[in-house]
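Enquirer: One structure coming up, written as structure tokens, with questions to follow.
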């Protein structure tokens with residue numbers, strides 16, 4: 001019985017660690033997607049402005 005309780009505690013600790021890692025990857029992925037989107041919009045606006053000017 002004691003082994004099962006210890007195993008459950010260790011398992012829940014591992015799950016908490018995994019959740020933290022998943023959250024980190026989610027935040028990093030969101031940040032990179034926003035950064036790529038902003039740079040694409042910036043490049044499109046610059047191309048549009050150069051076409052207007054010249």
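Enquirer: Rounding to the nearest 10 and keeping the result within 0 to 90°, find how far the Cα-based axis of helix 2-53 lies from the longest principal axis of the chain.
Expert: Between the helix axis and the principal axis of the chain, the angle is about 0 degrees.
Enquirer: Report which label in [x] 84; [y] 59; [z] 29 holds the value of volume of the Cα convex hull per residue in Å³ derived from the coordinates of this structure.
Expert: Computed from these coordinates, volume of the Cα convex hull per residue in Å³ corresponds to label [z].
Enquirer: What does the extension gain come out to for residue 6 and residue 20, with contour length at 0.36 nm per residue minus their alpha carbon separation? Please list the in-between numbers first.
Expert: Details: separation 14, 0.36 × 14 = 5.04 nm, distance 2.14 nm.
Stretched out fully, the residue 6 to residue 20 stretch lengthens by 2.9 nm.
No value in this document is a laboratory result; all are computed from the given coordinates. Quick caveat: nothing in here was measured; it's all calculated off a predicted structure.
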